[in-house]
Amino acid sequence: MIDIKLIENAWCELNNSVIEYKGQPVGTIAARDPASDTLNYDQCFVRDFAVSALAFLMHGETKIVRNFLTIMVEPQGKVKYMNCFMAGKGLMPASFKIVKSDGIPQLEADFGEKSIARVSPVDSGLWWLIILRAYVRASGDTTLVKQPAFQQAITLTLELFLESRFDMRPTLLVSDGAYMIDRRMGVYGYPFDLQSLLFAALSAARELLVADDYYHRSITERLTHLCDHLHHYYWLDFDRLNMIYRYKVDGYGSQILNTFNIQPSTIKPALIDWLPAEGGYFAGNVDPGRMDFRYFAQGNLLAIVSSLATQDQSHKIMTLIEQRWHDLIGQMPVKICYPALEGYDWEIVTGADPKNSAWSYHNGGNWPSLLWLLAAAAQKSGHPALAIRALNSAAKRLASEHWPEYFDGHYGQLVGKEARRFQTWSIAGFLAAYQILEQPEHLDLLKFESQTTVRACD
């Protein structure tokens with residue numbers, strides 16, 4: 001059991017992070033660590049607030065979420081420019097802050113042009129759709145989403161993510177560092193984390209659109225093809241691994257099995273020993289000649305919650321987590337990816353990034369913010385005991401260490417060497433996980449059980 005005082009203190013910390021605009025709460029800042037430089041941690045990040053929003057909605061606080069959703073419509077790109085320095089049509093900012101100009105508060109958005117390494121916020125619009133749908137589920141307020149400005153924002157986002165591209169795949173082509181992992185980590189191309197997020201967001205958008213046959217048909221078709229593609233090429237269990245091990249290479253034509261010309265020699269012996277016979281997961285990435293066998297937590301857990309993963313796949317993912325608990329959960333849940341890049345691989349793939357040294361930060365670090373996804377996936381798949389175990393192991397230490405951003409070490413034993421304290425999404429991730437486990441009906445905010453989604457993945 002978790003001490004109720006700890007929960008109350010966590011809510012105090014989350015409420016202390018709330019920022020206001022024109023006298024109204026509109027979001028939460030990233031962190032409130034007085035011992036560290038502010039940098040951009042005084043801003044409200046869309047992907048961070050997505051976790052806070054779920055915690056607030058489960059707590060019956062809808063006003064701040066409504067305000068956040070509303071102000072995010074304002075800076076969204078509305079015009080298609082040929083100028084590469086302007087925000088693209090449909091793009092939502094990575095973050096925003098409230099500044100004063102001549103004493104008047106104004107919203108200042110960042111589309112990545114000020115961020116470290118200038119990474120583009122591919123995931124912002126996707127999280128906005130998911131939170132908008134959760135807000136409608138929690139509040140019953142359908143008037144907001146029916147407003148012309150919101151319907152336009154939805155269609156602009158869809159146009160951005162569904163438009164034609166050079167490649168002929170249902171997956172989303174993105175640059176490295178374009179989502180939660182916002183530093184170079186070799187997740188460019190078609191990372192599963194973003195494909196899973198795309199699937200959830202499209203499922204949400206279809207429910208939110210006022211009757212529009214064109215977009216409904218487009219979403220339905222994309223969901224079907226995306227689901228089939230991810231199941232066929234990304235899913236990895238022992239049967240699939242054995243198939244890849246026996247692949248022939250340099251095949252030509254539409255009927256070959258090794259479509260992406262993956263070299264069987266890229267399967268490391270350690271993976272064969274590590275993958276349990278009863279477990280499975282969606283691999284991190286698939287590109288021509290390359291399969292990224294790393295396990296990424298966000299994509300796999302979200303796949304369960306969004307119904308992208310089948311019931312059997314969901315069970316295998318949770319079995320993998322249970323049997324490889326120390327590797328994937330550790331002393332401080334949840335490890336963002338496994339295994340970490342080390343040695344020469346670390347130098348080449350990360351650009352010798354010292355912040356992403358092995359078993360630190362995005363390179364195998366442990367992130368409490370992902371606790372909510374673990375709780376939601378465990379509850380939905382019928383394995384709540386796993387999430388309860390993780391939450392209990394995290395609770396006291398998170399509070400005593402003042403809610404760090406991430407933890408380092410093979411098993412998350414150490415507070416991250418550059419981790420901010422009082423990190424908002426660590427607090428919100430813990431609170432959302434606690435509420436999902438205490439009141440499983442909160443999972444309805446995240447379930448995607450529409451006819452389209454079920455038909456696409458069954």
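Residues that are exposed (fewer than 13 other Cβ atoms within 10 Å of the Cβ) and touching a helix residue (DSSP H, G or I) at 6+ places or on another chain (Cβ under 6 Å) within the range 243-281 comprise 245, 277, listed in sequence order. Name every residue in the range 269-296 that is among the small types (Gly, Ala, Ser) and under 18 Å from residue 189 (Cα atoms), in order of residue number. If the condition is that a residue be among the small types (Gly, Ala, Ser) and under 18 Å from residue 189 (Cα atoms), then 283, 284, 289 are the ones that fit. Among the residues of the range 351-365, just one is over 19 Å from the mean Cα position of the chain (by Cα) and crowded, with 22+ Cβ neighbours inside 10 Å, namely 359.
Across the range 299-343, the number of residues qualifying as touching a strand residue (DSSP E or B) at 6+ places or on another chain (Cβ under 6 Å) and hydroxyl-bearing (Ser, Thr, Tyr) comes to 1. Criterion applied to 385, 340 was being surrounded by fewer than 23 Cβ atoms within 10 Å (Cβ to Cβ), at pLDDT 95 or above and assigned to a loop (DSSP other than H, G, I, E, B), and the one residue passing it is 340.
Looking at the range 199-235, which of the residues that are of a type in the set (Phe, Trp, Tyr) and within 19 Å of residue 296 (Cα to Cα) is most open to solvent (accessible area, probe 1.4 Å)? If we take residues in the range 199-235 being of a type in the set (Phe, Trp, Tyr) and within 19 Å of residue 296 (Cα to Cα), then 233 is most open to solvent (accessible area, probe 1.4 Å). Out of 115, 196, one residue alone is among the small types (Gly, Ala, Ser) and open to solvent by 10 Å² or more (accessible area, probe 1.4 Å). It is 115.
Open to solvent by 30 Å² or more (accessible area, probe 1.4 Å) and in contact (Cβ under 8 Å) with a residue 60 or more places away in the chain: does that describe residue 165? Answer is no for this residue.
So that you can scan it fast, the table gives a plain yes or no per residue for (1) modelled with pLDDT of 95 or more; (2) over 20 Å from the mean Cα position of the chain (by Cα):
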{"residue": "31", "(1), (2)": "yes, no"}
{"residue": "56", "(1), (2)": "yes, no"}
{"residue": "61", "(1), (2)": "yes, yes"}
{"residue": "67", "(1), (2)": "yes, yes"}
{"residue": "70", "(1), (2)": "yes, yes"}
{"residue": "80", "(1), (2)": "no, yes"}
{"residue": "102", "(1), (2)": "no, yes"}
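Counting the residues of the range 249-269 that are free of Cβ contacts under 8 Å to residues at least 12 places away in the same chain and more than 26 Å from residue 310 (Cβ to Cβ) gives 6. The set of residues in the range 143-162 being of a type in the set (S, T, N, Q), open to solvent by 50 Å² or more (accessible area, probe 1.4 Å) and either in a helix (DSSP H, G or I) or at pLDDT below 95 (or both) consists of 143, 152.
Within the range 303-322, one or more residues are farther than 20 Å from residue 193 by Cα and in contact (Cβ under 8 Å) with a residue 24 or more places away in the chain. Within the range 63-76, the set of residues being surrounded by fewer than 18 Cβ atoms within 10 Å (Cβ to Cβ) and assigned to a loop (DSSP other than H, G, I, E, B) comprises 74, 75. State all residues of the range 92-108 that are part of a strand (DSSP E or B) and either of a type in the set (Ser, Thr, Tyr) or within 26 Å of residue 195 (Cβ to Cβ) (or both); if no residue qualifies, say none. Within the range 92-108, 95, 101 meet the criteria. If you check residue 121 against the conditions, is it outside any helix (DSSP H, G or I) and crowded, with 22+ Cβ neighbours inside 10 Å? It is true that residue 121 is outside any helix (DSSP H, G or I) and crowded, with 22+ Cβ neighbours inside 10 Å. Close Cβ contacts (under 9 Å, 6 or more residues apart or on different chains) running from residues in the range 176-188 that are open to solvent by 10 Å² or more (accessible area, probe 1.4 Å) and of a type in the set (Phe, Trp, Tyr) to residues that are in a loop (DSSP other than H, G, I, E, B) and at pLDDT below 95 comprise 188/173; 188/175; 188/176; 188/177; 188/178. With respect to (1) part of a loop (DSSP other than H, G, I, E, B); (2) touching a residue at least 12 places away in the same chain (Cβ under 8 Å); (3) over 22 Å from residue 388 (Cα atoms), the lone exception for residue 352 is condition (2). Under the condition of being surrounded by fewer than 21 Cβ atoms within 10 Å (Cβ to Cβ) and either in contact with a Phe, Trp or Tyr (Cβ under 6 Å, 6 or more places away or on another chain) or on the phi < 0 side of the Ramachandran plot (or both), the residues counted in the range 33-46 number 9. Taking the criterion of being part of a loop (DSSP other than H, G, I, E, B) and aromatic (Phe, Trp, Tyr), the residues of the range 180-210 that qualify are 188, 190. Filtered by the rule that a residue be in contact with a helix residue (DSSP H, G or I) (Cβ under 6 Å, 6 or more places away or on another chain), farther than 22 Å from residue 22 by Cβ and among the β-branched types (Val, Ile, Thr), the range 101-141 gives 130, 136.
Working carefully through the options 299, 284, find the one that is closer than 23 Å to residue 379 by Cα and in contact with a helix residue (DSSP H, G or I) (Cβ under 7 Å, 6 or more places away or on another chain).
299
All conditions in (1) farther than 25 Å from residue 135 by Cα; (2) out of contact with any Pro (no Cβ under 7 Å at 6 or more places or on another chain); (3) at pLDDT 95 or above hold for residue 396, with the sole exception of (3). Close contacts from the range 209-228, counting a first residue that is among the basic types (Lys, Arg) and a second that is in a helix (DSSP H, G or I), with Cβ to Cβ under 8 Å and a gap of 6+ residues or different chains, come to 222/162; 222/202. Residues in the range 396-414 that are surrounded by fewer than 21 Cβ atoms within 10 Å (Cβ to Cβ), of a type in the set (A, V, I, L, M) and in a helix (DSSP H, G or I): 399 alone.
The values are calculated or read from the model by the stated rules, or taken from the named source; none is laboratory data. Quick caveat: nothing in here was measured; it's all calculated off a predicted structure. Positions of Cβ are generated from backbone atoms using ideal geometry, with glycine treated the same way; all protein chains shown enter the neighbour counts. Ligands, DNA and RNA are excluded from the accessible area calculation, which covers all protein heavy atoms including side chains. Shrake-Rupley method; radii C 1.70, N 1.55, O 1.52, S 1.80 Å.
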